Amino acid sequence: MSERAPTCVVAEDEALLREALVEQLRQAWPALQIVAECEDGASAVEALAEYRPDVAFLDIRMPGLTGLEVAAAAADASPHTRIVFVTAFDQYAIDAFERGAVDYLLKPIKSERLAATIDRLQTRSGNNEAAALAALLERLGPTLAPGRPRDNAPPPLTWITASAGRETRLILVDDVAYFRADNKYTTVVTAEGEALLRTPIRDLLTVLDATTFKQIHRSTIVNLKAVAGVVRDDSGRGTVRLKSRPETLPVSAPFMALFRHM
């Protein structure tokens with residue numbers, strides 16, 4: 001780390017666990033400046049792009065974007081950030097971590113294990129971690145599939161009830177092209193038109209199938225099955241073309257990593 005105070009982003013969707021980790025970090029590493037505490041993957045990507053922190057602690061399983069996807073986006077948005085994954089017990093994942101240079105913390109986080117991680121961050125160079133992270137993401141990708149639900153999570157949403165004027169529509173989720181934030185509500189857009197859903201867009205991330213629906217902007221979740229193509233401009237931002245709609249959708253630069261292999 002440089003002589004200035006090191007900076008950090010913490011991303012964990014469970015509030016109590018996030019607060020506990022932040023408090024542990026403050027006690028174990030007083031000099032560390034926690035510049036953002038994120039409750040989902042999308043806000044973590046934006047925080048990484050905005051602050052370009054020295055370190056990011058990323059929960060692997062979060063609604064919308066997983067920690068793995070956030071780390072992949074960080075390779076473009078904040079390439080010098082050193083990643084520490086936070087994970088519940090998954091032996092395959094732990095074996096993969098222990099063979100590589102990327103660190104991890106196992107829930108519940110023990111103080112001595114956190115201290116060892118901090119020591120590693122403070123005393124070892126991160127020069128070899130980019131290649132190790134890329135190899136780890138490649139190895140873990142098929143096993144820790146994006147959006148794989150928690151053991152106690154309900155199945156993904158199949159139908160939604162939305163309003164169009166005085167009419168109430170029952171919409172098959174697979175027919176949705178994208179969701180767009182609309183103040184406290186969400187606009188549901190299909191090939192046939194628009195309807196209003198009385199659910200904030202962030203709450204949808206916890207109930208949609210995250211292998212199909214991806215947040216591409218703070219205000220937009222797109223159905224990947226409805227995407228016809230993606231174009232990147234010189235600034236790194238992108239534009240999504242849809243199969244069944246004439247409009248295009250902006251993709252924030254940090255989220256373009258989601259389309260790297262499309």
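Projected over all directions and averaged, the alpha-carbon convex hull of the stretch 159-259 occupies 6.3 nm².
Sort the stretch 183-222 into rounded, prolate or oblate with this rule: let a ≥ b ≥ c be the square roots of the eigenvalues of the Cα gyration tensor; rounded if a/c is under 1.5, and if a/c is not under 1.5, prolate when a/b is larger than b/c, oblate otherwise. It is oblate, given that a/c is not under 1.5 and a/b is not larger than b/c. Separation of the stretch 200-262 from the stretch 36-93 is 18 Å, based on Cα centroids.
Counting other beta carbons within 10 Å of each residue's own, what order do V55, V227 fall into, fewest first?
V227, V55
Of the residues M62, M256, the one with the fewest other Cβ atoms within 10 Å heads the list, and the complete ranking is M256, M62.
Read the figures in this text as sums done on the coordinates, not as results from a lab. All values derive from a computational prediction rather than experimental measurement. Positions of Cβ are backbone-derived with ideal geometry, glycine not excepted, and every protein chain shown enters the neighbour counts.
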